[in-house]
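**Q** Quick one: the structure is below, and I'll ask about it shortly.
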């Protein structure tokens, strides 16, 4: 997957900040934050591809010491500016200061990838950089792009008032996985002719994370069976390990508690008391952190008040949901260790339909929210947890309300049953009876079609 897809707003933002540097002749600091493999590095390099100005790409490796890091960065600066006798600098922040000095007459771009690792190289880096930045930024012309994948660390570095770089950012970009429309655009170019179910499987496994999509496309693992066979093979070890690595990086010593919570929700224990049961510590702060990281989401019935107790949690990240259901369970890990791939593959394929059904609901909900046609979208269930409607969406002008039922097999859709649920919903929300009501089935074949254009039932 070599073609660059999407990210128009992010590219425009980075270009805007560079323009500010050039026009105002002052330095700007920007943060690019996003989970592992979401495409941050690709975005940053693409943004300044073909730029006539010097563009530096520095990587912060937690396993490389301060002096070696500084030396590698300084060598790159010296080569670019043809400095025969550069100063003897031994700290990374000194190299940034030197670069700011060199940009007093001509602008440049400096990207520091995985910058949160600098804290492990030298805990004083950020305070030292702050001193350099504050004294030199108004006399230099540097666009400093700080990128990181450990979201909690990046939020602390730039967002906590007690930290040295608080208030120094000119802008912050939060890079998200590709949404359904973007996934369809990618697959139309990279893998034309895929069935709707295969597309749904790719979404359900990758969640639109750029690197995961790229890996499966390049491996030509694109059909439902091919995807599962690739994941559960020696070649797919990378995808199988991502979940554990992510949790370990973000949550460190507390990762077992977070994993326990996620496992419960993935297994259908979606209410707070069900999650708390059997866990010795109070789960509320852990749930809040998982919500911040977009791993968990608290859902309330469409139209309910924010404080309602009739709420449910769901694993919102599709890759993690797949990993929790099919990769991380002890039986799956045991079969993988024994190289019993065939058993594991057939077991997964046999259980995949239920998981894909939930993924189909998520696809349409996400499509709704990213389309710009609907102001609100969610599911609905009554106080007993019954009469559930997979999708309820309100148009921007609040004149139309859509009710949808997701089914992998269109033959299993029951329009009469949906109509009865809708009537029950409207009896609970008489204030919405003035809106024009549409009811429709949500099938894999309709993915990519605007919800307002889906045929009513």
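The values are calculated or read from the model by the stated rules, or taken from the named source; none is laboratory data. All figures in this text were calculated on a predicted structure; none of them were measured in a lab. Positions of Cβ are generated from backbone atoms using ideal geometry, with glycine treated the same way; all protein chains shown enter the neighbour counts.
Matching residues to (1) in a helix (DSSP H, G or I); (2) surrounded by fewer than 19 Cβ atoms within 10 Å (Cβ to Cβ); (3) modelled with pLDDT of 95 or more; (4) over 23 Å from the mean Cα position of the chain (by Cα):
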residue: 304; (1), (2), (3), (4): no, yes, no, yes
residue: 308; (1), (2), (3), (4): no, yes, no, yes
residue: 313; (1), (2), (3), (4): no, no, yes, no
residue: 345; (1), (2), (3), (4): yes, yes, yes, yes
residue: 369; (1), (2), (3), (4): yes, yes, no, no
residue: 382; (1), (2), (3), (4): no, yes, no, yes
residue: 387; (1), (2), (3), (4): no, yes, no, yes
residue: 391; (1), (2), (3), (4): no, no, yes, no
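**Q** Any chance region 75-88 includes a residue that's at pLDDT 95 or above, crowded, with 21+ Cβ neighbours inside 10 Å and within 30 Å of residue 250 (Cβ to Cβ)?
**A** No - not one qualifying residue is present in region 75-88.
**Q** Output the number of the condition that residue 61 fails; it satisfies all remaining conditions of (1) assigned to a loop (DSSP other than H, G, I, E, B); (2) more than 25 Å from residue 243 (Cβ to Cβ).
**A** That leaves (2) as the condition not met.
**Q** Of the residues that sit in region 123-143 and are closer than 19 Å to residue 61 by Cα and touching a helix residue (DSSP H, G or I) at 6+ places or on another chain (Cβ under 7 Å), which one is surrounded by the fewest Cβ atoms within 10 Å (Cβ to Cβ)?
**A** Among those that are closer than 19 Å to residue 61 by Cα and touching a helix residue (DSSP H, G or I) at 6+ places or on another chain (Cβ under 7 Å), it is 128.
**Q** Taking residue 259, is it more than 19 Å from the chain's Cα centre (by Cα), modelled with pLDDT of 95 or more and surrounded by 15 or more Cβ atoms within 10 Å (Cβ to Cβ)?
**A** For residue 259, the condition - more than 19 Å from the chain's Cα centre (by Cα), modelled with pLDDT of 95 or more and surrounded by 15 or more Cβ atoms within 10 Å (Cβ to Cβ) - is not met.
**Q** Determine which single condition residue 74 fails, assuming it passes every other condition in (1) touching a helix residue (DSSP H, G or I) at 6+ places or on another chain (Cβ under 7 Å); (2) not in a helix (DSSP H, G or I).
**A** (2)
**Q** Turning to a different aspect of this structure: So which residues in region 267-298 are closer than 27 Å to residue 34 by Cα, in contact with a strand residue (DSSP E or B) (Cβ under 8 Å, 6 or more places away or on another chain) and either in the same structural domain as residue 389 (by TED's automatic domain parsing) or crowded, with 18+ Cβ neighbours inside 10 Å (or both)?
**A** Listed by number, the residues that qualify are 270, 287, 290, 295, 296.
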